[in-house]
1. Exactly one condition in (1) out of contact with any Ser or Thr (no Cβ under 8 Å at 6 or more places or on another chain); (2) within 14 Å of another protein chain (Cβ to nearest Cβ); (3) surrounded by fewer than 22 Cβ atoms within 10 Å (Cβ to Cβ) is false for B:Leu114; which is it?
2. Residues in region A:97-116 that are facing chain B (nearest Cβ under 10 Å) and buried (at least 19 other Cβ atoms within 10 Å of the Cβ): how many?
3. Tally time: how many residues in region A:10-34 are modelled with pLDDT under 65 and either surrounded by 11 or more Cβ atoms within 10 Å (Cβ to Cβ) or basic (Lys, Arg) (or both)?
4. Consider A:Thr78 against the criteria (1) of a type in the set (Ser, Thr, Tyr); (2) more than 10 Å from chain B (Cβ to nearest Cβ); (3) open to solvent by 90 Å² or more (accessible area, probe 1.4 Å): it satisfies all of them except one. Which criterion is unmet?
5. Among what's in region B:140-166 and is more than 14 Å from chain A (Cβ to nearest Cβ) and of a type in the set (Gly, Ala, Ser), pick the residue that is most open to solvent (accessible area, probe 1.4 Å).
6. Can you give me the number of residues within region B:99-110 that are hydrophobic (A, V, I, L, M, F, W, C), without any contact (Cβ under 8 Å) to a residue 60 or more places away in the chain and more than 14 Å from chain A (Cβ to nearest Cβ)?
7. Can you find, within region B:37-74, the residue that is nearest to B:Gly122 (Cα to Cα) among those that are within 14 Å of another protein chain (Cβ to nearest Cβ) and exposed (fewer than 13 other Cβ atoms within 10 Å of the Cβ)?
8. Which residue is least open to solvent (accessible area, probe 1.4 Å), if the candidates are limited to region B:125-139 and must be touching a strand residue (DSSP E or B) at 6+ places or on another chain (Cβ under 8 Å) and polar (S, T, N, Q)?
Amino acid sequence: MMNMIKKFKKNKFTPLVKGQIPRTGLHKSSFKKLCIFLLTITFSLNANAIAIEKQFDDKKLEKRTIELFKDIRCMVCTGESIYDSQSDLAKDLRKVIREKITQGQTDKQILDDLTIRYGNEILMTPPINQNTALLWASPALFIFIGLVVLITIGFKRKNHSV
Amino acid sequence: MKVRFFIPLIILLGILIFPAIKIISTDKEQTLTKPNRDFPNIVLQPLYKAIPGINSKELINDKPFLVNIFASWCLSCRAEHPFLMSLKEEEIIPIYGINWRDEDEKAKKFLEILGNPYSRIGIDKKSNAIIELGVSGAPETFLVSANNKILLHHKGPLTQQIFVEKFSPLIKKY
């Protein structure tokens with residue numbers, strides 16, 4: 001491998017070995033292995049923590065539970081929902097929520113309870129109310145501002161010949 | 001390249017600075033004073049036979065108290081512990097401890113080595129009480145008023161400065 005890098009740097013073009021992919025240092029077989037390796041890693045990242053827990057037998061209920069998990073933020077791991085997270089707190093929270101679902105609580109009840117205890121940050125989708133109106137509107141707002149800027153600059157360019 | 005090509009990038013960075021700062025700074029320490037809610041109904045088994053556990057029904061006091069979440073695996077808990085000991089020694093305010101997701105032997109060892117500032121200790125192995133309180137890490141400390149309302153929820157180690165600035169005024173008031 002180091003030899004290939006050295007030769008590359010020195011700009012020596014060695015004649016192609018049979019099976020070598022041109023302009024890279026790679027052989028067809030090693031390229032195949034590299035692809036398989038990368039694909040395996042990519043898809044194994046989707047293996048999630050929930051697979052080893054006791055799930056509901058009722059498929060519909062389990063689906064609802066999973067959707068609920070995806071909507072709740074893990075408070076100790078930035079950006080992950082408790083569905084994705086492997087942390088202890090997420091594990092315990094999943095168990096507690098499963099218990100609550102077994103007791104018959106609705107999604108809204110569970111989310112409201114959590115919001116009272118942890119604040120709005122625990123929801124993946126922030127609630128829609130007066131305070132968060134600006135947050136929800138900001139993507140559209142930015143696009144609008146961007147378009148205005150583009151058009152104004154476009155007009156300026158047309159009027160001054162560059 | 002002329003400077004004006006970079007203007008959109010500069011504007012974007014300027015806009016992004018605010019959420020970036022918020023995300024980076026929010027996590028570790030903060031003291032929350034949300035609308036005062038009641039101390040939730042929790043029952044926790046005691047760690048030691050001689051020291052009572054935590055039972056919300058028994059906690060109706062005539063004075064405010066602290067609830068401190070701690071564990072032997074938590075490094076910052078060791079850092080704040082001396083301050084908790086000083087609070088206990090000067091008898092400023094009763095402190096109840098919740099031992100979170102810990103092993104009894106390790107927790108006892110922790111208290112043996114660093115001292116025990118708690119007049120009540122409850123064990124929470126499954127995070128039931130922790131979730132009721134809205135705890136997301138250790139250490140965290142709650143200031144609860146005499147009529148069981150949560151006045152403060154401090155995340156992170158409790159220091160003298162924070163206690164004097166945030167806790168003391170409320171303790172005097174309630």
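1. Looking at each condition in turn, B:Leu114 falls short on (2).
2. Here the count works out to 2.
3. Residues that pass the stated criteria total 2.
4. Among (1) of a type in the set (Ser, Thr, Tyr); (2) more than 10 Å from chain B (Cβ to nearest Cβ); (3) open to solvent by 90 Å² or more (accessible area, probe 1.4 Å), the lone unmet condition for A:Thr78 is (2).
5. Among those that are more than 14 Å from chain A (Cβ to nearest Cβ) and of a type in the set (Gly, Ala, Ser), it is B:Ala146.
6. Total meeting the criteria: 1.
7. So the residue we want is B:Asn41.
8. Filtering first and then ranking leaves B:Ser127.
The values are calculated or read from the model by the stated rules, or taken from the named source; none is laboratory data. Model, not experiment: these values are computed from the prediction. Glycine gets a Cβ as well: all are built from the backbone with ideal geometry, and neighbour counts include every protein chain shown. Accessible surface areas use protein heavy atoms only, side chains included; no ligands, DNA or RNA. Shrake-Rupley method; radii C 1.70, N 1.55, O 1.52, S 1.80 Å.
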